[in-house]
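The values are calculated or read from the model by the stated rules, or taken from the named source; none is laboratory data. Computed from a predicted model, the values in this text were never measured in an experiment. Using ideal geometry, Cβ is built from the backbone for each residue, glycine included, and neighbour counts are taken over all protein chains shown. Remember, those area values only see protein heavy atoms, side chains included, never the ligands or the DNA or RNA. Shrake-Rupley method; radii C 1.70, N 1.55, O 1.52, S 1.80 Å.
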Amino acid sequence: MKSCPKCLSPLENYRYACKSLGCGKAGIPAGEQEGDGQDKPACEECGQVMTLRICPQCGFELEEEEMTRSQMRIFLLGSEGSGKSNFLAVLIDQLKGEMCKLYDATLYPTGGDRTMDYYEREYRRPLYEQGVCIPTTAQEDLNPLTYSLIFGDKDSEVGKSVGLTFYDSCGKNLESQQKMSAHSKGLSTARGIIFLIEPSQLPQIREVRKAKKQPVLDANPQALLLRTVHLLRTGLSLEGNEKIGIPIAVCLTKLDTLYPHLDPASFIGDPSRNLRKPMLSGSDISSCNMEVMALLESWGAGELVRHVQSQFADYSFFGLSALGASPGPQNEIERISPHRALDPLLWLLWRHKILKSG
């Protein structure tokens with residue numbers, strides 16, 4: 001059954017609203033008239049046929065693409081300060097650019113102005129025009145970013161079109177089980193989870209940075225992981241040793257700050273091999289996965305790794321840097337140089353048979 005991208009309530013039917021310019025009832029759900037595939041009703045105010053679909057629960061505007069194309073919902077989880085919004089801004093920019101160019105694809109914003117304006121205002125403009133990091137998300141009620149990833153005809157075997165819905169999250173909403181249950185009710189409907197870990201959350205790295213009087217993020221990623229597992233197991237009604245079937249990409253972020261701690265032969269320090277040709281590099285993903293798991297173990301987060309392995313049927317670990325460098329004292333960023341930022345999404349697309357591997 002289809003569900004609303006915003007409130008995730010089932011869409012057994014939906015209301016219509018007028019979208020005619022100048023109409024006094026534009027955008028207002030039309031009384032009790034609801035749609036379930038029948039002829040579209042006319043606006044009582046201006047007489048125009050109403051084509052705008054509205055979720056009856058939250059009033060979210062529903063595009064035709066969102067109603068007909070299969071949807072892949074991707075939730076970004078991470079403690080406050082882990083860089084979720086910066087990562088999402090860069091991820092979508094690279095998805096539209098490098099990835100679409102390589103795969104002869106287009107990323108179409110199915111929300112129209114809703115998605116374009118929201119991404120432009122909240123994500124792209126601060127980072128790419130104003131040159132500053134996106135402020136810590138303070139909103140409790142965030143709009144999803146909805147797109148269709150449409151592949152061209154150059155090679156029909158490259159991939160199949162899919163709807164993508166990205167859910168950013170306010171870190172404050174993830175600080176307790178109660179808050180997370182209230183604000184992440186639809187997590188069990190996810191088709192993929194990107195779980196971000198900031199380096200100073202790791203015990204060994206945190207001690208080094210404290211000794212140098214550098215800022216650290218004291219939030220506990222393992223606690224957030226356990227809350228996530230509890231929410232998913234409850235939402236999916238899992239029992240006993242059943243594992244969670246939703247793929248999870250566990251990402252060690254801000255990798256640029258860890259270069260002094262990496263071995264010179266570190267694999268994750270090299271450029272990704274997943275954008276050399278239109279298919280995922282299985283060897284690249286596997287090598288990255290093993291190295292990041294070993295690093296997390298050596299830096300005091302081995303228990304987190306084992307929780308992921310025991311609870312999730314499908315997982316992979318990544319190391320990435322969305323910005324490529326640390327911001328200045330005023331959160332300014334002169335040049336954005338992403339490193340392996342697309343890898344988690346490419347892996348999720350592969351796991352859902354949207355992309356192939358080689």
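Restricting attention to segment 312-327, the residues that are of a type outside the set (Asp, Glu), out of contact with any strand residue (DSSP E or B) (no Cβ under 6 Å at 6 or more places or on another chain) and more than 20 Å from PHE87 (Cβ to Cβ) add up to 1. Taking residues in segment 6-26 that are at positive phi, and partners anywhere that are open to solvent by 50 Å² or more (accessible area, probe 1.4 Å) and charged (D, E, K, R), the pairs with Cβ atoms closer than 8 Å and at least 6 places apart or on different chains are LEU8/LYS185. Might you let me know whether segment 219-232 holds any residue that is within 16 Å of LEU258 (Cβ to Cβ), of a type in the set (Ser, Thr, Tyr) and touching a Leu at 6+ places or on another chain (Cβ under 8 Å)? No: zero hits. Among the residues of segment 333-351, is there at least one that is without any contact (Cβ under 8 Å) to a residue 60 or more places away in the chain and either open to solvent by less than 10 Å² (accessible area, probe 1.4 Å) or aliphatic (A, V, I, L, M) (or both)? No - not one qualifying residue is present in segment 333-351.
Is it the case that segment 211-225 has a residue that's of a type in the set (Val, Ile, Thr) and under 21 Å from the mean Cα position of the chain (by Cα)? Checking segment 211-225: not a single residue is of a type in the set (Val, Ile, Thr) and under 21 Å from the mean Cα position of the chain (by Cα). Annotation note: of LEU91, LEU77, LEU127, LEU107, the sole residue that is crowded, with 18+ Cβ neighbours inside 10 Å and touching a strand residue (DSSP E or B) at 6+ places or on another chain (Cβ under 6 Å) is LEU77.
Screening ILE285, ILE268 for residues that are assigned to a helix (DSSP H, G or I) and either modelled with pLDDT of 95 or more or among the basic types (Lys, Arg) (or both) leaves exactly one candidate, ILE285. Out of the residues in segment 301-332 that are assigned to a loop (DSSP other than H, G, I, E, B) and touching a Cys at 6+ places or on another chain (Cβ under 6 Å), which is farthest from ASP270 (Cα to Cα)? Selected residue: ASN331. Among the residues making up segment 315-332, a single one is more than 18 Å from SER200 (Cα to Cα) and open to solvent by less than 30 Å² (accessible area, probe 1.4 Å): SER316.
Going by the conditions given, is ALA301 out of contact with any strand residue (DSSP E or B) (no Cβ under 6 Å at 6 or more places or on another chain), open to solvent by less than 60 Å² (accessible area, probe 1.4 Å) and modelled with pLDDT of 95 or more? Yes: the conditions hold for ALA301.
Can you tell me which of (1) assigned to a loop (DSSP other than H, G, I, E, B); (2) of a type outside the set (A, V, I, L, M); (3) out of contact with any strand residue (DSSP E or B) (no Cβ under 6 Å at 6 or more places or on another chain) is the one ASN274 doesn't meet? Looking at each condition in turn, ASN274 falls short on (3).
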